[in-house]
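The values are calculated or read from the model by the stated rules, or taken from the named source; none is laboratory data. Everything quoted here is computed from the prediction, not taken from an experiment. Counting neighbours? That spans all protein chains shown, and the Cβs are built from the backbone with ideal geometry, glycine included.
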């Protein structure tokens, strides 16, 4: 391995010699979504290090990467911010969201207050 690639696995795109479909997938995602940010995800026991793009609405796209500098350079070329998820964590807008079903809306403070009042009124009965 040259250390210049996306990932050690030869089946995955490499930054030094990118597989066009993997890079295009990320470029297309960034072009089609607003407020996209890049997050470098650390390697874990089950997953390689990866570059995660997260849009303002919570949509996301992930690709394994081997080189932090190349991932950061890729985000810079796309004009999107780059963060280390191991340091800053994941954006709140991504939590609870899956690709299949969006996260439910949280109740407003007024709705919560009405619920608490109805609960206390029910306890008084």
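Could you look through the stretch 56-91, keep only residues that are free of Cβ contacts under 8 Å to residues at least 40 places away in the same chain, outside any helix (DSSP H, G or I) and touching a strand residue (DSSP E or B) at 6+ places or on another chain (Cβ under 8 Å), and pick out the one that is farthest from residue 25 (Cα to Cα)?
Once the filter is applied, the top-ranked residue is 60.
Given the structure, is residue 43 at pLDDT 75 or above and in a loop (DSSP other than H, G, I, E, B)?
When the stated conditions are applied, residue 43 passes them.
What is the number of the single condition among (1) surrounded by fewer than 19 Cβ atoms within 10 Å (Cβ to Cβ); (2) assigned to a strand (DSSP E or B) that residue 48 does not meet?
If we test residue 48 against (1) surrounded by fewer than 19 Cβ atoms within 10 Å (Cβ to Cβ); (2) assigned to a strand (DSSP E or B), just (2) comes out false.
Can you run down the residue pairs with Cβ atoms below 8 Å, 6 or more apart or on separate chains, where the first is in the stretch 112-124 and at negative phi and assigned to a helix (DSSP H, G or I) and the partner is surrounded by 10 or more Cβ atoms within 10 Å (Cβ to Cβ) and modelled with pLDDT under 80?
Listed by first residue and then by second, the contacts come to 115/107.
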